[in-house]
Every structure is written in structure tokens, then in C-alpha cells.
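Report on the structure given below.
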Amino acid sequence: MASEEMEQLVRREYKQGFVTDIESETVPPGLDESTIAFISQKKEEPRWMLEWRLEAYHQWLKMTPPSWSHLEYPPIDYQAISYFSAPKKPEDRPQSLDEVDPKLLETYEKLGIPLHERAALAGVAVDAVFDSVSVATTFKDKLHEAGVIFCSISEAIREYPELVRQYLGTVVPQSDNYFAALNSAVFTDGSFVYVPEGVKCPMELSTYFRINAANTGQFERTLVVCDKRAQVSYLEGCTAPMRDENQLHAAVVELVALEDAYIKYSTVQNWYPGDENGKGGIYNFVTKRGDCRGDRSRISWTQVETGSAITWKYPSCMLRGKESIGEFYSVAVTNGRQQADTGTKMIHIGENTRSTIVAKGIAAGRSDQAYRGLVKIGPRAKGARNYTQCDSLLIGDQCGAHTFPYQEIGNSTATVEHEATTSKIADDQLFYCRARGIDEEDAVSMIVNGFCKDVFQELPMEFAVEAEALLNVTLEGSVG
Amino acid sequence: MLEVKDLHVTVEDKVILKGLNLTINAGEVHAIMGPNGAGKSTLSAVIAGKDGYEVTQGTILFEGQDVLEMEIEERARAGLLLGFQYPIEIPGVKNIYLLKAALNAQRAARGEGEIPAPEFMKLVREKSTDMKMDPSFLQRAVNEGFSGGEKKRNEILQMLILQPKLAMLDEIDSGLDIDAMKVVADGVNSLRNADRAILLVTHYQRLLNHIVPDHVHVLVDGRIVKSGGKDLALELEERGYDWVLEESVA
């Protein structure tokens, strides 16, 4: 079966269809109003959606790319990007695994990814057996029974326009930042989740199946809404390194938690970091924000970031409801020539709101990373509490880690604690392990995994195991 | 089993060992004693392969192999195991995990497969009972928040599980109260057999009442200046180290 047919089959199984049209139309590179109109029309969007996109586009035109981050990259030519393209034709893809970066294949091997999936992940035009088709179907039925809506954002705009319109852009407004504005104008892919009042989503939601079927979009837009007393755990990403021809990725994720709702959002991100010199890696500029809109609501971000050439990402929580809780657990690993500027923002608005930040940064090789965190306590946030712990671990002496904590305290009854450490992977710890017969690389991964324990235990079980394996692969060759 | 010949060691341009000779045979227990700063800990650290110690002259052979050519982990796998004076804390890594990783690394080096989980659990439970360690220790992070005595018992527990050919114990008695000393000594004594040798580095004679050595060596100023039987330790306890030094100079 040719892979295009396979993709069609996969799509057909999602009855309401992710993207119904897969005609091989591609707009030429460049961005103007007609590009946006084309996208909107392709997606069969209602009028308001097009207007919303255009509004974002006009905002974007007035904005400039952020320059405050601790990152270095050449200016991006936004007119050189194609903003809508149909799936790649088989003849344009690598024809066999022989044409794929051998390092990537080696990694698949180490992560234990089945053979047939390796080809699909590497973007090779081959026949593939897809277990996920049947899995996805059972999955859909179960969710439907519970009343949970889980579909592509494009489908949601068509099928549930009121819901989307009510929440889209209410957490991350179109003009929030440069990349969010661009995303709002041109997003073509992403997920929508709605969990109705009182429903605990019967399974962990994952985009994994979809990612297997087709490459993730360049400008993904995800919206998760948890109604009163509802709960959901959403898993994003995949431990397998993913290749993509699109160098720039600018996703937006919005989470809305109403009264007593709980959203747990876990990410394992492993985009292709580029070759040893950082060539060909992905730029990952993401805006992720959760809105604890209702009293006693809770949003928890957990992320393991190992991929991308450049990561720019600050999952944040707006704690508006009384006694609402925001959490951020993060492990960021950089090696080679990777750069990451990541962190979180906890904005305490409601009374007795609480937030916890645990950020672990591991830098190896010649990589560079920064933690940037803002804790803001508003004037009405009586009794608000924050606990921040950020630890950096350096492996070798050519890498760097920087911490930029910002605190704005507008209420004297608030309690804000901050702990930060930077340590080199201790020679005495390595010696201790090696003097017991454990080789250096295993010792490093053992020590690093121990360092990340607090965060890994927040991940869903399956993900945690994969994350450990991933960490080991990422840090391979970082010592000695 | 172990043959140290004319060993000269420099640490940060300071000469610590100045021609040390020592031969240890299987089945023997040796104690190295000496005043502070004599180079006692340097000897075991160099044998184990710690960074920062430069061997400028001399050889160390272990079962005929040139130890100085081996990586740290190769030495451990060959059966040379160092018990630390100050065991290192490794946050987030469970004690039992370290034990298992170490044991399996050593088994792999011998061409054996990984130890089956039930067998490992049985072994660990048995040995930790011997060391009077509560099973909860196994689930705690390596040495993190352990008291001095707990850390030392943990070192011996590792020895009991890894079963080295030559166990080197660096000041294993420091910071121990009398009860803990007894437990540690019992653990070490249980390691004694005809195929295994033990090298004790200690400042005080006290430990040697519990672990009775076959040979006692006095290390002063980078050299072994006097060797004898277990009675030598008692004599040192009584008379201090100065007379040995005077005797060796004379």
C-alpha cells in the first residue's frame, strides 16, 4: 500500500476527518492576505475564523521578533516559507532508509522503535503497517461514550464553531507575541479537546497516533477546555526524534480550566536537533499557556525537552480562580550545539492561589541553555504561594546554563520561595559509581536520571520510562 | 595478588608517596597505619584510580595485570573495590538501583548475564539484614541524608554484594560509635576467606581489635617504614608513631 493511500485510510478512520482534502495543492512561499484566505477556504472555515486570522495577521505585521532571549540564530525570512502544503508526494521523500541520516537511525535503534515505524518517522516513502488505525477507532468510541470531544482543530472549527469561538484566543490572544500572532494567522493543524462538566476523561489523550500518520504541522494550534469538575491528561509528542523539512515551528497551546477542573499536560519533545554542527535542526518557538479560570482549578505542565536546534518556550499559568493551582515540572536537556531558552510564568491573580515550579536543566557538549521564570503576584492575590526550584547540571566545560528568575510581588501576604543550584556533574559522584564497576556513560545517565527524578515522577508511567531512555540517548557521548 | 613496587605519587605538585612497596596475598588482611598526612588514603585512591593522582614512578600489579593501565571501572570489575572514607551522595538514585547496576556491570565483565530480580532481592535482603540496615535504606537515594555510621554500613553492604577479590577500606572506622563499629567489623570479617584479601587503612588501633590483621604496616612520610604482625598495632597504640620514625631514620 502506498503511503498516500495509507494516510487516506488513516484519515478515513477518523470519521469526522482531520483534514478532508488532501489534494496536492501547495501555495507558493510568501505570506499576505490571500495566503490566509486560501488556508481558510481550504479548511472550509466560517467567515469569523477568516476575520480572526486576518486580524492576527495585521497585528503581526506591526510586531518585531523578540530579541530578549538568550538565543542566537540567523534572521528568519518569513516570505520564504510556504504556509500551506499538501502532504509530500512519495517521490519527494527519501526513497529508502539509506538516504536518512545514519545517526537518526542509530537513535531509533537505541530507543527500541519498531522497524516499520522508523521509516515512517524518518519520512521515508514506504509501505507501512499501522496498528494505530484500529487503536484509534476504539479510542474514538470510548471517548464519544464519555462525551469527550477530541479532534483536529480544523474539524472543531467546522463541527463545534460555538465552542471554539468561545475559547480560542482567550488565553493566548492573537497579539500576545510575535510567534503567537503568526500562528493565529496561519495555523493549519492541531488538536481540540473539550471535556464536559463532571467528566473524568477515561483515558490519557495523546497526539501520538496522529503524529505517526502524518508529520505535525508547522503551525500547530491546540485548545484544551475542561469544564467544571472535569479532568483530563493530555500527552503531546513522541520520544522518537522527528524530522521535518520545516525548520520553523511556532505552535500555540491554550488550556482552559473551569471550576474544580484539572488539566495535566505532558510533553516529550524530541525534534531533530540538527547534525553535530547544528545544521538542519528545528527552531521550536512555542507559546503555551493555561488559564485557571475557575475556583480551585488546577493546571499542571510537565515537559521533557531534548530536541530541536533552538527551543523558545515558557508554558505558563494564569491563576485567576480562587485557590487555583499551577504547576510546572520541566527537564530540558541540551547537547551538541543546541540552544534552549525555556521556563515558565506563574501569574497569581486570585486569592490563595498556589504554584510550584521545578525546573531541571542539563547542558552537555557545546550547548547553551537558559531558565527564565516569572512569578507575579497581583494585588488581589491574598495569601498566594509559590515555590520555585531550578537546578542546572553541567556536563563538561564547554556548555552553559543561565538562570533568570523574575519576581513581581504585589501583595504583602504572599509567600514566594526560590531555590536555585548550578552544579557540574560531580567528579566524585562519577568516581564513586565507576569504582563500583559501572562504566562512565552509564554512571552519567544514572546521575542525571537521579537529578531529574522529581520531574519524571510527574509524567504518566509509560512516558516516564521512555523519557529515561531518551535522556540516555541524548547524552550519549557527552563525556570522555 | 597485589604487588606495589617503588610507588611514587604526586598530588598537585606535592610528592605524597615516595617509593612505597607492598605485597598482599590472597587470604591475608593487611592494615596500613600511620600519622595524618602520611599518604595512607592516597595509596588506596591510587589503586582505585582516582583522578588527580599522578604516578611518577613505580608499578601496581593486580593478579599480574598492570593496574595503572586500567580504567577505574575495569579495576572494580577485576575485583579491586574501594570502600570510601567519605561515601558520596547521589540524589535521586536509589541505593538498590546502584547496587544492581554495579553487580550487573561486574557480572557482564565476567561474561555472566544479569542477575534475576528475585535472586537479587533475596541477596540484598539477606546482606542488609547482616548489616542491620532497615530495608527502607535500599529505597533511599544513595547516601543522601545517611548518618556517618549508616554510610559506612552501606559501603560494607556493597562489599558483601559485590564480593571483591581485594577489598580496600579507607578509614572505615571513622565516625563510628562502638555498636556501629561492631556491625561494620562483623561485616568485614564475614568477607574473610582464603581467596580474598583485605586492605585496611586506619589511623587508630581500635578497629584492629575487631578485625584482626595478619600484617600491619606503618606508613610515614610516603614510605612503609615498618611492618609486623598484629602486635605492632598495639605497640603503636601505646607508643605513638614517633619512635617508628626515629628508628627508620637511624
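The values are calculated or read from the model by the stated rules, or taken from the named source; none is laboratory data. Predicted model, so just to flag it, every value in this text is computed and none were measured. Here Cβ is always computed from backbone atoms with ideal geometry, including for glycine, and neighbour counts include all displayed protein chains. To get the accessible areas, we keep the full protein, side chains included, count just its heavy atoms, and leave off ligands, DNA and RNA. Shrake-Rupley method; radii C 1.70, N 1.55, O 1.52, S 1.80 Å.
Among residues belonging to segment A:255-267 that are open to solvent by 10 Å² or more (accessible area, probe 1.4 Å) and assigned to a strand (DSSP E or B), point out the one that is nearest to A:Ala309 (Cα to Cα).
A:Lys264
Using beta carbons and a limit of 9 Å, which pairs, at least six apart or on different chains, have the first residue in segment A:409-421 and closer than 30 Å to B:Pro91 by Cα and the second one open to solvent by 90 Å² or more (accessible area, probe 1.4 Å)?
A:Thr415/A:Arg385; A:Val416/A:Arg385; A:Val416/A:Gln407; A:Glu417/A:Arg385; A:His418/A:Gln407
Could you tell me how many of the residues in segment A:60-97 are among the hydrophobic types (A, V, I, L, M, F, W, C), surrounded by 14 or more Cβ atoms within 10 Å (Cβ to Cβ), at pLDDT 70 or above and assigned to a helix (DSSP H, G or I)?
Residues flagged as among the hydrophobic types (A, V, I, L, M, F, W, C), surrounded by 14 or more Cβ atoms within 10 Å (Cβ to Cβ), at pLDDT 70 or above and assigned to a helix (DSSP H, G or I) within segment A:60-97 amount to 1.
Report, by residue number, each residue of segment B:46-64 that is open to solvent by 20 Å² or more (accessible area, probe 1.4 Å) and of a type in the set (Gly, Ala, Ser). Walk me through it before giving the result.
Residues of segment B:46-64 open to solvent by 20 Å² or more (accessible area, probe 1.4 Å): B:50-59, B:61, B:63-64.
Listed by number, the residues that qualify are B:Gly52, B:Gly58, B:Gly64.
Would segment A:283-305 turn up any residue that is within 29 Å of A:Leu394 (Cα to Cα), open to solvent by less than 10 Å² (accessible area, probe 1.4 Å) and in a loop (DSSP other than H, G, I, E, B)?
No, because not a single residue in segment A:283-305 is within 29 Å of A:Leu394 (Cα to Cα), open to solvent by less than 10 Å² (accessible area, probe 1.4 Å) and in a loop (DSSP other than H, G, I, E, B).
Scan segment A:322-350 and report the pairs whose first residue is under 13 Å from A:Gly361 (Cβ atoms) and open to solvent by less than 10 Å² (accessible area, probe 1.4 Å) and whose second residue is modelled with pLDDT under 85 and of a type in the set (D, E, K, R), with Cβ atoms within less than 6 Å and a gap of 6+ or a chain change.
A:Ala332/A:Glu305
With the structure loaded, tell me whether B:Glu144 is away from every other protein chain (no Cβ under 13 Å), farther than 21 Å from B:Asn193 by Cβ and either in contact with a Ser or Thr (Cβ under 8 Å, 6 or more places away or on another chain) or modelled with pLDDT of 90 or more (or both) or whether it fails that test.
In short, no.
For the list (1) open to solvent by less than 10 Å² (accessible area, probe 1.4 Å); (2) in contact with a Lys or Arg (Cβ under 9 Å, 6 or more places away or on another chain); (3) assigned to a strand (DSSP E or B); (4) within 14 Å of another protein chain (Cβ to nearest Cβ), I need the number of the one condition that A:Ile362 fails.
(2)
Name the residues in segment B:81-92 that are facing chain A (nearest Cβ under 9 Å) and of a type outside the set (Phe, Trp, Tyr), would you?
B:Leu81, B:Leu82, B:Pro87, B:Ile88, B:Glu89, B:Ile90, B:Pro91, B:Gly92
Please go through (1) open to solvent by 20 Å² or more (accessible area, probe 1.4 Å); (2) under 18 Å from the mean Cα position of the chain (by Cα); (3) of a type in the set (A, V, I, L, M) for B:Leu103 and return the number of the only condition it doesn't satisfy.
Here B:Leu103 meets the rest and fails (1).
Examine segment A:247-254 for a residue that is modelled with pLDDT under 75, closer than 25 Å to A:Leu71 by Cα and either within 11 Å of the chain's Cα centre (by Cα) or part of a loop (DSSP other than H, G, I, E, B) (or both), and state whether such a residue exists.
Yes, segment A:247-254 contains a residue that is modelled with pLDDT under 75, closer than 25 Å to A:Leu71 by Cα and either within 11 Å of the chain's Cα centre (by Cα) or part of a loop (DSSP other than H, G, I, E, B) (or both).
What number of residues in segment B:112-139 are outside any helix (DSSP H, G or I) and open to solvent by 20 Å² or more (accessible area, probe 1.4 Å)?
Residues that pass the stated criteria total 7.
Mind counting the residues in segment B:93-127 that are at the interface with chain A (Cβ under 10 Å from one of its Cβ atoms) and of a type in the set (Phe, Trp, Tyr)?
Residues in segment B:93-127 being at the interface with chain A (Cβ under 10 Å from one of its Cβ atoms) and of a type in the set (Phe, Trp, Tyr): 1 in total.
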